[in-house]
Amino acid sequence: FDIVFTATANGDFSGTVQVRTGDLANPGNDITVTATVLPDPPSIEVSTDAIAFDDVIVGEQPLTDTFTISNKGEVALEITLIVLGERVFTPVPTRLTVPGGGDADVEVSFAPHDGVSFEASLRISHNDPTGQQAGVQSFF
């Protein structure tokens, strides 16, 4: 026979399954069962994989755009953002914690130091155990 346990919450659970027979010489057994239900690990989702900025005049107010990092898990998602490439792109914040089931916005600014095209990648390091690579490509 199978014992099926369906959890509705995280935590430790225990109980006893009583197996009874109609045989008076061997009336049955009690079986102790235990289960530990762990919360879903962090699970990252990023709202976009690219940001394209419009033209901007060198020395003028930087352009900004925002993307969202979501955590589809129950455990906090720890994030570190690193720009790979031209340092004309700046993410804010560069470190953040997204609670289970939560979202966080990241603002990326573009402040060029020269009148040419720029391209960079934003590496999103995280503690999602699936190892899924995450990043955002920024360019002008």
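The values are calculated or read from the model by the stated rules, or taken from the named source; none is laboratory data. These numbers come from a predicted model, not from an experiment. With ideal geometry, Cβ positions are generated from the backbone for all residues, glycine too; neighbour counts draw on all protein chains shown. When the accessible area is computed, the model is the full protein with side chains, heavy atoms only, and any ligands, DNA or RNA have been set aside. Shrake-Rupley method; radii C 1.70, N 1.55, O 1.52, S 1.80 Å.
A few notes on this one:
- Taken together, the residues in region 6-25 that are surrounded by 10 or more Cβ atoms within 10 Å (Cβ to Cβ), free of Cβ contacts under 8 Å to residues at least 40 places away in the same chain and under 24 Å from residue 75 (Cα atoms) amount to 3.
- In region 95-111, residue nearest to residue 58 (Cα to Cα) [restricted to those that are open to solvent by 20 Å² or more (accessible area, probe 1.4 Å) and modelled with pLDDT under 95]: 111
- Residues located in region 91-121, provided they are under 17 Å from residue 54 (Cβ atoms), not aromatic (Phe, Trp, Tyr) and not in a loop (DSSP other than H, G, I, E, B): 107, 108, 109, 119, 120
- Of the criteria (1) within 23 Å of the chain's Cα centre (by Cα); (2) under 22 Å from residue 121 (Cβ atoms); (3) small (Gly, Ala, Ser), which one residue 52 fails: (1)
- Within region 26-76, the set of residues being exposed (fewer than 13 other Cβ atoms within 10 Å of the Cβ) and within 30 Å of residue 113 (Cβ to Cβ) comprises 48, 49, 50, 52, 54, 55, 57, 58, 59, 60, 61, 66.
- Verdict on residue 83 being at pLDDT 95 or above and either under 30 Å from residue 38 (Cα atoms) or assigned to a strand (DSSP E or B) (or both): no
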